[in-house]
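Here's the structure we're looking at; comments come further down.
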Amino acid sequence: MGRADTHLHTQYSGFSRLGVMKFPESVISPAMQVDKGRKNGMDVIAITDHDETRGAFIAQEYAKKYDDIDVIVGEEITTHDGEVIGLFLTERIPYDLPIEETVDIIREQGGIVIAPHPFSYHVFGLKEQILTLDIDGFETINGGHPDSYSNKFAKLVMDRYPGRWAEMSGSDAHSLYTSGYNWTEFEGTTAEDFRKSILNRTTKAAGVPAPVLGQVQWSLEVALGGAKLMRKALCGKLEPVEGDHLIEKILSVNDLKKVTGIIAAYAYATPWMSGLATVLSTAWLAKGAKKMNAQIPQRLEEVDRIIKEYDASKS
């Protein structure tokens, strides 16, 4: 059985926002993700940056010098209805389109459609929409979801309807610290073998989500990595890179904002600040999971109802 990690991010994933704070999704280069994939024993990886494929093409080109790993060009696309992953793409897909239109574009490129973290209560997933969409599979293990609900409910739905979708496990790693804990097993070792395994519904989700410590390390990596780039920009040593939204953004802000960002990054990196953020986020996730777990019986009934009506409409 081969191993695939088909949900990886690089510095081409741009920025995200938490309240008033704006921060890079990742500061990892495409080459670094390839190297880490080989170290983790992956036969196949896919770079799935947010609304961008440039990093994936760079990684694919970089990996050509190795014979032990294949790189799939992917994209985690922000649709109007939730996030979806396209694999085996030939070009970037626009964001904020209706999900049905996005799926059609993936299909036009000969791509595979995967729903990441579909039942997350804290990330923009497709939720019950996956039940009536033309998708090939969905993640029953997402490495960025250490909560006790999101992956569990996805697994319950998958097991309730065996053979309907391919079972997927992606690290959703925005950092080198959060990959290698989970992966998708498939028959064979190549990207083409992986495609066939998805279409034949023979994949198997394996591993566990990354530990909370890994997520803390990611946040520190992002903060300090961003600060390093801002220092280079202040010194006039940061060159623009086509398609790299992180560098584009840093170069576009004035020096005062760069200095403020550097100070904020080092403040966050102090043990008390990052520790407080960890405690608060863990408590928030636990509270949300408790609420969602109580709704599982009713939600499974709704899943059954939707699928029954959908299948009847197709017969």
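The values are calculated or read from the model by the stated rules, or taken from the named source; none is laboratory data. None of the values given here were measured: they were computed from a predicted structure. Here the Cβ positions follow ideal geometry from the backbone for every residue, glycine too, while neighbour counts run over all protein chains shown.
What is the residue count in the stretch 126-149 for residues that are within 17 Å of Asn293 (Cα to Cα) and either modelled with pLDDT under 95 or touching a helix residue (DSSP H, G or I) at 6+ places or on another chain (Cβ under 8 Å) (or both)?
8
Being assigned to a loop (DSSP other than H, G, I, E, B), touching a Gly at 6+ places or on another chain (Cβ under 7 Å) and either of a type in the set (Val, Ile, Thr) or crowded, with 21+ Cβ neighbours inside 10 Å (or both) is the filter here, so list the residues in the stretch 72-101 that pass it.
Once the filter is applied, which keeps residues that are assigned to a loop (DSSP other than H, G, I, E, B), touching a Gly at 6+ places or on another chain (Cβ under 7 Å) and either of a type in the set (Val, Ile, Thr) or crowded, with 21+ Cβ neighbours inside 10 Å (or both), the stretch 72-101 yields Leu89, Ile93.
Out of curiosity, is Lys39 among the basic types (Lys, Arg), out of contact with any Phe, Trp or Tyr (no Cβ under 6 Å at 6 or more places or on another chain), more than 19 Å from Glu192 (Cβ to Cβ) and modelled with pLDDT of 95 or more?
In short, yes.
Restricting attention to the stretch 102-133, which residues are assigned to a helix (DSSP H, G or I), without any contact (Cβ under 8 Å) to a residue 60 or more places away in the chain and within 27 Å of Lys196 (Cβ to Cβ)?
Residues satisfying the conditions are Thr102, Val103, Asp104, Ile105, Ile106, Arg107, Glu108, Gln129, Ile130.
Out of the residues in the stretch 254-268 that are surrounded by 14 or more Cβ atoms within 10 Å (Cβ to Cβ) and modelled with pLDDT of 85 or more, state the one that is farthest from Tyr149 (Cα to Cα).
This residue is Lys258.
Could you count how many residues in the stretch 180-238 are part of a loop (DSSP other than H, G, I, E, B) and closer than 30 Å to Lys258 by Cβ?
Of the residues in that region, 4 qualify.
Yes/no matrix, rows are residues, columns are (1) under 30 Å from Leu133 (Cβ atoms); (2) in contact with a Lys or Arg (Cβ under 8 Å, 6 or more places away or on another chain); (3) of a type in the set (S, T, N, Q):
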residue	(1), (2), (3)
Cys235	no, no, no
Pro240	no, no, no
Leu251	no, no, no
Ile262	no, yes, no
Ala265	no, no, no
Lys290	yes, no, no
Leu300	yes, yes, no
Ile306	yes, no, no
Ser315	yes, no, yes
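What are the residues in the stretch 147-157 that are in contact with a Gly (Cβ under 9 Å, 6 or more places away or on another chain) and surrounded by fewer than 24 Cβ atoms within 10 Å (Cβ to Cβ), if any?
Within the stretch 147-157, Asp147, Tyr149 qualify.
Restricting the stretch 199-208 to residues that are out of contact with any helix residue (DSSP H, G or I) (no Cβ under 7 Å at 6 or more places or on another chain) and closer than 16 Å to Ala154 by Cβ, which is surrounded by the most Cβ atoms within 10 Å (Cβ to Cβ)?
Ranking the candidates gives Ala205 first.
Identify, from the list Tyr95, Tyr62, the residue that is in contact (Cβ under 8 Å) with a residue 40 or more places away in the chain, among the aromatic types (Phe, Trp, Tyr) and farther than 20 Å from Phe186 by Cβ.
Answer to the selection: Tyr95.
If you take the residues of the stretch 32-59 that are assigned to a loop (DSSP other than H, G, I, E, B) and among the acidic types (Asp, Glu), which of them is farthest from Thr190 (Cα to Cα)?
By that ranking, first place goes to Asp51.
When you look at Gly243, is it touching a residue at least 60 places away in the same chain (Cβ under 8 Å), in a loop (DSSP other than H, G, I, E, B) and surrounded by 14 or more Cβ atoms within 10 Å (Cβ to Cβ), yes or no?
yes
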